[in-house]
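As structure tokens, the structure follows; a few thoughts come after it.
Throughout, read-outs are computed from the coordinates displayed, never taken from laboratory work. Model, not experiment: these values are computed from the prediction. Backbone-built Cβ (ideal geometry, glycine too); neighbour counts: all protein chains shown.
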Amino acid sequence: MRVGSGAWDRTADVVVIGYGCAGAVAAVTATENGAEAVIVEKQPRESHHTSSSMSAGMFLSPPDSSSILEYLAALGRMGGGRPWTDGPVLRTWAEYAATTRQWIEARGGAIVPIPAPGEHPQLPGGAHLSKHRFRGMGIGLARFLEAQIEAKKIPVLYETRATHLLTNPRGRVVGVEARQGGRRLRVRASRAVVLAPGGFEYDEQAKLNYLKVYPTYFTGSEVNTGDGLRMALEVGAQLWHMNCVAAGLVLKFPEMPVAFQVDYLGRSVAKTPGKTEETASVVSGHIVVNRDGERYTSENVKGQCLYYELPVFDTHRLVYPRVPSYFIFDRRRLENGPLPLVTSGPAGPTRLYHWSLDNSREIEQGWIVTANTVRGLARKIGVPADTLERTVRTFNRHCEKGRDPDFGRKPNELIPLGAPPYCAAVLWPGGPSTQGGPRRNSRCQVVSAGDDPIPGIYSCGEMGATYGMLYPGGGSNLADCFASGRIAGENAAREKRP
Ligand SMILES: Cc1cc2nc3c(=O)[nH]c(=O)nc-3n(C[C@H](O)[C@H](O)[C@H](O)COP(=O)(O)OP(=O)(O)OC[C@H]3O[C@@H](n4cnc5c(N)ncnc54)[C@H](O)[C@@H]3O)c2cc1C
């Protein structure tokens, strides 16, 4: 704990750490509730990009709190039955989530409803989730948030990295210490600090210690180095959801810090107007295999919970057989557009990487391996050739029969691997986000090891997300940013000055 005394460089009622979706919503809400807010943001203005701006801009928009609450409560009991998230937290969250859409529209946000099958339709309330998407996806979301911040004249201190929370001698958080260029900056929060610095996707030590398998790679902003975890721990915060992620398999190559989301089906879906993955006619064959060349999953039907199938450890060979895995596909998929999604993530509109339209550059740089035979491909990627050949033969037979008795792959995806070249790309555990961080109560106050709120500190967004083990479905994290950002902003603004 660092006691902040002496001179302050700057003062605001509410100091928000991080200018992603959660931080922006908290700052706007605090301002609308009569507080003067300031945002401390570690990136420079010109290159500022966040997981929020790299996202697909989709959010859960439940029409009322009851259906989503039923679903969240069911999800929260997964993995042993002890609730991952406290009932009062879920109840307050659901009330706010049910009005997110109106909150955005009242401020001029351009959003559209989108078809939304639930990720876990077998659970109560999970069959249909109401969702909306920002026009312009993550960039559209970021522009909307910037417009709010500018309209409210909320100062953003760019290139200012928060390093410590400062307390008074009684342990109340009263400000933030930051590095701005080469100098130390101390910003006083006369009401409260709101922690919104995103997750710990690029903190290798935290991932090794907290996640279920290492390495795990992420597709969002590489500046999310878990600073919020260290700041929260310093003031005695209790952590939650640390081993939880929204993740599956991602493409990751040593030359890039950020991973890519896989577009398994390619243009057949993306370019078919009005079609979803459920209804599109898939035109190319692909499978996912482990390092032994065997399938172990129904490939891309698992959404953001496939991750939990990956940490199977072979205690005899001392390896994770599914880490890495391989995306094996045929010529048609190669010709069917870039391997990663180009609507969000590093190959999306933020263009952290320009993936070639025909995948040729990535073949040249060895990210995609090709061969004229399945055996040849197996040898190149180092998986047993006999096994991979057998796996492809068996899968192709399932395709002829229109049924996958091994893993129940969707019938519209039972397309045999056809003409060569046969291709492979390495897949690692990973996805959009970590979910862990400081535990929060229904007011979004950070809670201590002894379950009491720590005075003066709130959190919102991905740093200690509301969900536990199972991610409810696409759009849940941004829904969390809006709901928890509003709750934190409102309550922080109402704090009495100490
Ligand atoms: C490719 C991709 C697609 C996605 N699509 C969706 C989707 O469609 N729907 C959905 O719900 N979720 C989606 N997600 C997840 C969602 O985007 C994130 O969970 C969410 O945007 C996190 O928002 P945040 O405000 O908590 O953090 P971020 O958006 O990551 O913002 C954190 C901010 O804090 C700053 N910061 C970090 N440390 C410090 C520090 N020490 N001091 C000062 N500033 C700091 C960062 O620079 C950044 O500006 C997606 C994620 C990815 C990667």
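Just the Cα atoms of the stretch 246-431, one point each, no solvent: what log10 I(q)/I(0) does Debye give at q = 0.12, 0.13, 0.14, 0.20 Å⁻¹?
The calculated log intensity ratios at q = 0.12, 0.13, 0.14, 0.20 Å⁻¹ are -0.54, -0.64, -0.75, -1.69.
Give me the lysines in straight-line cross-link reach of residue 410: C-alpha distance below 23 Å, same-chain residues under 8 apart excluded.
Residue 410 reaches 271, 275, 302, 401.
Just to be sure I understand the model, the point goes 7 Å from the Cα along the line to the Cβ. What's the resulting residue 380 to residue 95 distance in nm?
Rounded to a tenth, the inter-label distance reads 5.9 nm.
Per residue of the chain, what 222 nm ellipticity follows from adding -39500 (n - 2.57) for every DSSP H run with n ≥ 4, rounded to the nearest 500?
On the way: 14 runs with 133 residues, N = 498.
When only DSSP H runs of four or more count, the value is -7500 deg cm²/dmol.
Show me the ranking of peptides 210-217, 117-124 by mean Cβ neighbours inside 10 Å, starting with the highest.
210-217, 117-124
Cross-link candidates for residue 496: which lysines have Cα within less than 27 Å, leaving aside residues fewer than 8 places away along the same chain?
152, 153
For the residue pair residue 419 and residue 36, what label-to-label distance in nm results when each label sits 7 Å from Cα along the Cα-to-beta-carbon direction?
6.9 nm
What are the residues whose amide H is under 5 Å from the amide H of residue 11, where those residues sit 5 or more places off or on another chain and H is modelled from the backbone?
Counting only residues 5 or more places away or on other chains, the set is 188.
Mind checking Rg over Rh on the chain, alpha carbons, Kirkwood formula for Rh?
Rounded to two decimals, Rg/Rh equals 0.99.
Neighbour counts of other C-beta atoms within 10 Å: give me 200, 134, 253 arranged from fewest to most. Walk me through the intermediate numbers first.
On the way: 200 28, 134 24, 253 17.
Starting with the residue having the fewest Cβ neighbours, the order is 253, 134, 200.
What dipole magnitude, in Debye to the nearest 20, does the stretch 246-431 give about its Cα centre under +1 on Lys/Arg Cβ and -1 on Asp/Glu Cβ?
Roughly 180 debye, rounded to the nearest 20.
Residues with beta-carbon under 9 Å from that of residue 495, excluding residue 495: net charge, scoring Lys, Arg +1 and Asp, Glu -1? Write down the numbers at each step before the final one.
Details: positive: 191, 494, 496, 497; negative: 13.
Around residue 495, the charge tally is +3.
Given labels modelled 7 Å from the Cα in the Cβ direction, how far is it in nm from residue 128 to residue 214?
Computed distance between label sites residue 128 and residue 214 equals 4.6 nm.
Ranking request for peptides 418-426, 54-62: highest mean number of other beta-carbon atoms within 10 Å first, then the rest in descending order.
The peptides rank, most packed first, as 54-62, 418-426.
Which length gain, in nm to one decimal place, applies between residue 302 and residue 172 when the Cα-Cα distance is subtracted from 0.36 nm times their residue separation?
The residue 302-residue 172 span can extend by a further 42.4 nm.
How high is the FRET efficiency between residue 406 and residue 143 when r is their beta carbon distance and R₀ equals 60 Å, given to the nearest 0.05?
Working: r = 46 Å, r/R0 = 0.76.
So the FRET efficiency works out to roughly 0.85.
I need the trypsin sites (Lys or Arg not before Pro) found in the stretch 18-115, filtered to DSSP loop residues with at most 16 other beta carbons within 10 Å of theirs. Let's see the in-between values first.
On the way: sites: 42, 45, 77, 91, 101, 107; in loops: 42, 45, 77, 107.
For trypsin sites (Lys or Arg not before Pro) across the stretch 18-115 that sit outside H, G, I, E and B with at most 16 neighbouring Cβ atoms in 10 Å, the list reads 45, 77, 107.
Go through the chain and flag any cysteine with no other cysteine's C-beta closer than 4.7 Å, please.
244, 305, 399, 423, 444, 460
In whole Å, how far is the Cα centre of the stretch 299-322 from that of the stretch 454-498?
31 Å
How would you order 446-455, 328-337, 473-482 from highest to lowest mean count of nearby Cβ atoms within 10 Å?
Per-residue Cβ counts within 10 Å, averaged per peptide and sorted highest first, yield 473-482, 328-337, 446-455.
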